[in-house]
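Okay, so here's the structure we're looking at.
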Amino acid sequence: MNILIIGSGGREHALAWKIAASPLVDQLYCAPGNAGIAREAQCVAIDQADHATVVAFCKARAIDFVVVGPEAPLAAGLVDDLESAGIKAFGPTKAAARLEGSKGFTKDLCRAHDIPTAAYERFNAVAPAKAHVRAHGAPIVIKADGLAAGKGVVVAQTVAEAETAIEMILGGGLGDAGAELVIEEFLVGEEASFFVLCDGETALPLATAQDHKRAFDDDRGPNTGGMGAFAPSPLVDAALEGRIMREIVAPVVAGMAREGCPFRGFLYAGLMLTADGPKVIEFNVRLGDPEAQVVLSLVDEPLAPVLAAAAAGRLAQTTIALRREPRVGVVLASRGYPESSESGRAIDGIEAAEAIPGVTVYHAGTAMRDGRLVTAGGRVLTVVGHGIDYAEAVSRAYAGVLQISFDGMQYRRDIGRRAIAR
């Protein structure tokens, strides 16, 4: 098979690394890719938002299968356009991608199909939204309806903070993503990420994980796209996995089919494990980043055939073999992230890090300039360690981190600590 991966981050590097190992793959491309992905695939300078050019490239290079990594091209209907051109693709259609692209759609789907989630209401005007907050008090959660690059959720600790968020979102601060918002009750518990593979009817559990969103140690500082993750989650045992599949995953897959938009692709359920059981915080229609870097390394078989089976609706005849040894991933970010980032800083030490047994380094914001590997974004690398237990995985990940350097490098020093504590 000739395969094209769409995307350029750490998630796509993990996908390329895993897909490249499949004996089914003849030629692997990635658009646009990054410096790390270039070790696994031929990177091509195509704008993922230019669907016509993506389709033309697929036809010119006889691409058999396209794997779409990020949420934006999924929400924009890239899979629809590829399939209309006769090109097989892995990922949800535009209609199915509303599970991530519209918070309101997802909440209404949960309500209609009795999927446990936080109580909520939808608003498109400031005054009634503020009145709702004043009536319910804080803490309370304010979410922009659309995709907002990780900036659309505010966990307001006070009514005043919630009102400010409402004014910002509905006042145009997030563009079209904030034309409407959802206000949710604040859930108490521990968060876990639950990943499944779907073919429109069947869902196979892939793995569990937990990520670290805050920029600094001990969950301080601003929210980010993710500063690290570990997998599997020690919070989710076999009994809880079964409950999540019955109460959340099966109903959402069935509900999407009944809505006329069957879901095919990676489905991520962000869950709050409350005293009343697991409840949905959000759905994503792709693998998370940096969760992909720890989750995909748990898959103990070639990935390409499994993705092809999902795209063809054949998961009922498929199983997924998984390793159990823990993975811990530490994100190395540029100075100023998430508010800003620096580019063009020389990166050293990756080869030394990967020489450590049980350490793999995935690229996100990297590029080659004048023959030198340099930073090219906020999140630069994810260093993943694995071991017989969480303590060994953490130790190996940080041993790898200490080998790497670039000007302004920042990272958390407590990734995986919660897993060891349990």
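Taking interchain pairs and intrachain pairs at least six residues apart, which have beta carbon atoms under 8 angstrom, with the first residue in segment 324-343 and acidic (Asp, Glu) and the second at pLDDT below 90?
Partner pairs satisfying both residue conditions: Glu339/Pro222.
Suppose the filter is among the hydrophobic types (A, V, I, L, M, F, W, C) and over 30 Å from Glu184 (Cβ atoms); does Ile19 pass it?
Values: among the hydrophobic types (A, V, I, L, M, F, W, C): yes; over 30 Å from Glu184 (Cβ atoms): yes.
Here the answer is yes, as Ile19 does meet what is asked.
Which of the residues that make up segment 164-176 are open to solvent by less than 10 Å² (accessible area, probe 1.4 Å) and either more than 22 Å from Ala119 (Cβ to Cβ) or of a type outside the set (Gly, Ala, Ser) (or both)?
Ile166, Ile169
Does any residue of segment 117-129 turn out to be among the aliphatic types (A, V, I, L, M) and without any contact (Cβ under 8 Å) to a residue 12 or more places away in the chain?
yes
Suppose the filter is more than 17 Å from the chain's Cα centre (by Cα), closer than 17 Å to Arg286 by Cβ and exposed (fewer than 15 other Cβ atoms within 10 Å of the Cβ); does Ala49 pass it?
yes
Answer yes or no: is there a residue in segment 251-273 that is open to solvent by 60 Å² or more (accessible area, probe 1.4 Å), among the hydrophobic types (A, V, I, L, M, F, W, C) and closer than 28 Å to Val306 by Cα.
For segment 251-273, residues open to solvent by 60 Å² or more (accessible area, probe 1.4 Å), among the hydrophobic types (A, V, I, L, M, F, W, C) and closer than 28 Å to Val306 by Cα: absent.
Among the residues of segment 195-234, which ones are touching a residue at least 40 places away in the same chain (Cβ under 8 Å), among the small types (Gly, Ala, Ser) and assigned to a strand (DSSP E or B)?
Ala203, Ala207, Ala209, Ala215, Gly228, Ala229, Ala231, listed by residue number.
Is one or more of the residues making up segment 143-155 β-branched (Val, Ile, Thr), modelled with pLDDT under 95 and open to solvent by less than 40 Å² (accessible area, probe 1.4 Å)?
Yes: segment 143-155 contains one or more residues that are β-branched (Val, Ile, Thr), modelled with pLDDT under 95 and open to solvent by less than 40 Å² (accessible area, probe 1.4 Å).
The values are calculated or read from the model by the stated rules, or taken from the named source; none is laboratory data. Since we're looking at a predicted model, the values are computed, not measured. When we count neighbours, we look across all protein chains shown, and the Cβ atoms used for this are built from the backbone with ideal geometry, even at glycine. Surface areas here come from the heavy atoms of the whole protein model, side chains and all, with no ligands, DNA or RNA. Shrake-Rupley method; radii C 1.70, N 1.55, O 1.52, S 1.80 Å.
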